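The values are calculated or read from the model by the stated rules, or taken from the named source; none is laboratory data. Note that the structure is a prediction, hence the values are computed from the model and not measured. Every residue, glycine among them, receives a Cβ derived from its backbone with ideal geometry; neighbour counts consider all protein chains shown. Areas reflect the complete protein model, heavy atoms only, side chains present, ligands, DNA and RNA absent. Shrake-Rupley method; radii C 1.70, N 1.55, O 1.52, S 1.80 Å.
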Amino acid sequence: MLWNRPRVLVLLGLIVALGWWQWHPQPGEVRRTRLLMGTTVEVVVLGTATDQAEAAIEAAFAEMTRLERLLGSGYAESDPAKLSRSQTEMVVAEETAQILELGLQVARESRGAFDLGLGRLNALWGLDGPDPRVPKPDQIKAALVGLGPEALDVDGVRVRRRQEVAIDLGAIAKGYIVDRGVQVLRDHGVTQAALNAGGDMFLLGHHRDRPWHIGIKHPRKTTEVLATLSLQNRAVVTSGDYERFFEEGGERYHHLFDPKTGYPARACQSVTVVAPSTALADALATAVFVLGVEQGFELIGRFPETAALIVASDGSQHGSPGLEQYRAGP
Ligand code: AMP
Ligand code: MG
């Protein structure tokens, strides 16, 4: 008989060994996940003693948890929530001021395609909750009143806003929090790591003997990789119309809004941005998504060391000139 007992046992042993090899962390690699910012945050640390790596990751998670409470719209005592309730000028945390400054810079450079004041529009569409809906045109029009980079005035940590506008940091805060997590890892002596918050990612140093290789998901073919990027000390962030959406009357309504119309932006299916910081990559990915290929690449060109990969709404793929240096395939 072919499948005699010793052969089956050897085969079983082999399968178990292969399984162990596959799932057991590689030597010198510490991998931890935590639910944060409404997503699974994964940290991988290499080249560091296990105890030190574990302490570093724990400290990074603690800092990210603190910042989520400070910056998330869902927390009543967060800075954006307090800012949106404030009647006059308000003093915000240093971190909030930094995000607002960067967000306003992207808002200005994108000529308003990126906007930190979409809190009311967001609430109207309800894409963060269980009951998303297409609002009435006059409701949308009302939610756009007062928008634009001038709606916020940031002077150090003093912030003033136009009363009509509600602050929403959803397009930039996650990236900023990833950067702060990476800084904590660095402060603990970590030199090689990947920190991934549901697609907002920073790659620190090398992965063993070469840069990290990161596969970018195709926005429509879920099992297909659009491109593989080779990254070292770089952030990579994707904004896509497949992340949060609902369909009505054959139309897809997603969470990336054109502040000029109040409706979901129609130019792209997905935008991936590479940048020196995750906060910048996060903000630019959202802004380029709204702008589309031509104006989007113009925006990318104004920020040094950034690159973008766009899947336009017709499915065509476009890489900015700076992208080629990062391409590892396909
Ligand atoms: P992201 O996934 O980083 O592209 O951010 C999406 C989130 O940013 C949305 O859920 C909204 O809270 C917010 N948002 C949507 N459209 C814009 C926009 N044009 N400018 C700034 N924030 C936006
Ligand atoms: Mg973003």
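Can you give the helix-only mean residue ellipticity at 222 nm for the chain, where every DSSP H stretch with n ≥ 4 adds -39500 (n - 2.57) and the sum goes over all residues, rounded to the nearest 500 deg cm²/dmol?
Numbers: 9 runs with 116 residues, N = 330.
Mean residue ellipticity at 222 nm (helix-derived): -11000 deg cm²/dmol.
Starting from a Cα-only point model with no solvent, please compute log10 I(q)/I(0) by Debye for the stretch 167-258 at q = 0.16, 0.19 1/Å.
Results for the stretch 167-258 at q = 0.16, 0.19 Å⁻¹ read -0.77, -0.98.
Within the stretch 306-329, name every residue whose backbone N is under 16 Å away from a label modeled 7 Å from Cα of Y242 along the Cβ vector.
309-318
Could you tell me the convex hull volume per residue, in Å³, taken over the Cα atoms of the chain?
178
Would you mind telling me the antiparallel percentage of the DSSP bridges in the stretch 30-172, rounded to 5?
95
Enter the accessible area per residue of the chain (Å², integer; probe 1.4 Å; all protein chains in place).
Ligands and nucleic acids excluded, the result is 49 Å² per residue.
Pick out, in residue order, every one of the trypsin sites (Lys or Arg not before Pro) in the stretch 103-210 that is DSSP loop and has at most 13 other C-beta atoms within 10 Å; say none if there are none.
R133, R208
Report the full-extension gain for the segment R302 to R158: residue separation times 0.36 nm, less the Cα-Cα distance, to one decimal in nm.
Here the answer is 49.1 nm.
Where in the chain is the longest stretch that carries no GluC sites (Glu not before Pro) classed as loop by DSSP and with at most 16 other Cβ atoms within 10 Å? Could the numbers behind the result be given before it?
Working: sites that count: E77, E89, E164, E224, E243, E305.
That gives 1-76 as the longest site-free run.
In square angstrom, rounded to the nearest 10, how much accessible surface does T88 have for a 1.4 Å probe?
Counting only protein heavy atoms, the figure is 100 Å².
With unit charges on the beta carbons (Lys and Arg positive, Asp and Glu negative) and the dipole taken about the Cα centre of the chain, which residue among S230, N122, L291 sits farthest to the positive side?
Going by the charge dipole, the pick is S230.
To the nearest µm²/s, what D does Stokes-Einstein give for the stretch 22-178 at 20 °C and 1.002 mPa s, using the Kirkwood radius over alpha carbon pairs as Rh?
Stokes-Einstein gives a translational diffusion coefficient of 122 µm²/s.
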